[in-house]
1. I'm checking my understanding of the structure. Among residues of region 12-63 that are in a loop (DSSP other than H, G, I, E, B) and of a type in the set (Gly, Ala, Ser), which one is surrounded by the fewest Cβ atoms within 10 Å (Cβ to Cβ)?
2. In region 1-11, what count of residues is obtained for those that are part of a loop (DSSP other than H, G, I, E, B) and surrounded by 15 or more Cβ atoms within 10 Å (Cβ to Cβ)?
3. Where residues in region 197-222 are part of a loop (DSSP other than H, G, I, E, B) and of a type in the set (Asp, Glu), which of them is nearest to residue 273 (Cα to Cα)?
4. Looking at the structure I just gave you, is residue 116 touching a residue at least 24 places away in the same chain (Cβ under 8 Å), more than 16 Å from the chain's Cα centre (by Cα), surrounded by 19 or more Cβ atoms within 10 Å (Cβ to Cβ) and closer than 16 Å to residue 172 by Cβ?
5. For region 268-277, state whether one or more residues are of a type in the set (S, T, N, Q) and within 20 Å of the chain's Cα centre (by Cα).
6. Just give me the residues in region 223-262 being of a type in the set (Val, Ile, Thr) and part of a loop (DSSP other than H, G, I, E, B), in sequence order.
7. Given the criteria modelled with pLDDT of 95 or more and either crowded, with 18+ Cβ neighbours inside 10 Å or among the acidic types (Asp, Glu) (or both), does residue 263 qualify?
8. Please give the number of the condition residue 100 fails out of (1) crowded, with 16+ Cβ neighbours inside 10 Å; (2) at negative phi.
Amino acid sequence: MKILQSKALFQHNGSDVFLYTLKNKAGVEVCISNLGAIIQSFKVPDRTGNVIDIVLGFDTMEQYLSSDYLNTSSYLGAVVGRYANRVGNACIEIDGQTFQLSSNMSPHQIHGGYEGFDSKVWHVENTDDLSVGKLKMSYLSKDAEEGYPGNLTVSICFSLNDENELIIDTEAITDKSTAINLTHHDYFNLHGSGRIEDHWVQIPSGFYLGQHPDNLANGEILSVLGTKYDFKSSKQIKEDWDPVSGYDQSFVLDKEYGVYGKAATAYSDKSGIKLEVFTDEPTVHFYTGKHLGIADARNGAFYGPFSGFCFETQHHCNAVNIPEFPSTILRPEQVYRHKTGYCVSSQ
């Protein structure tokens, strides 16, 4: 499968920004930029053959850098890091040494700080050989960036196969022990537009992470039985939700740690499109977009609350501050690896 590269669209911080198009034999087409490793569009034929873009995004890549958009802290379609979700009190401790991180959601840090991986221009490694059907890009996060120790080199490889699965393989190495917990922050809407509460969702999880009132993980692991968080059987998002707050919760997956398996399934009655999410990570964070408020999005649309939902595959939120959770410390002799797949079909 060949990957098409656009002309240089513009420069950001001295580096060219491009858009890359991956397309398979079934007509699934994904556009990815080296700005923030953003999935700008993900086009899928519905049950009638009509093509629907199932992710939220903008018409142009320049819009992802507008101050109005950045102030919404939405992270549309981007990789987030060094650390996904909230880090308690924007502080971590490694081997007895305390590191104060930038605090962009006071008193905590969220999704990597004031200028995380989502707004960096990534270096495309295989520009001369995109015919292999893989798009590989990298970013060097320098020592002390947003407060984190160590020079961290991250690489992301995107590939789209003829089974309609977009696979995201991520690796990282560091020269100092550091904290890392990456995810990809795509907002899905399998209708193509409108609100998402009538989507059907299934999450193979018997337990969810407890949270403080400000959504910071507090170390508790709670059973989903008898709660609104029970998605073990498919149900519409709106069936048990609070229509004011929706969902913003992490689920511990019912699979062996490190094994690549099912993380979530979503389905639209309207389009017939089904999305299956696979990962080797132990949790998935389900967010239904309560805080969305984005004007002039794709085709001039306004993305209000509940216009899209996220399945953020990752390690346990705030694990760096909760010793009982699986470790998110990366050592110089180790390689961080994370694999997530989005498989689409229509019926």
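The values are calculated or read from the model by the stated rules, or taken from the named source; none is laboratory data. Just so it is clear, the model here is predicted, and its values are computed rather than measured. Positions of Cβ are generated from backbone atoms using ideal geometry, with glycine treated the same way; all protein chains shown enter the neighbour counts.
1. 14
2. The total comes to 2.
3. 198
4. Criteria not met by residue 116.
5. No, region 268-277 contains no residue that is of a type in the set (S, T, N, Q) and within 20 Å of the chain's Cα centre (by Cα).
6. Hits for region 223-262 are 224, 227, 244, 259.
7. Criteria met by residue 263.
8. Tallying (1) crowded, with 16+ Cβ neighbours inside 10 Å; (2) at negative phi, residue 100 fails exactly one: (1).
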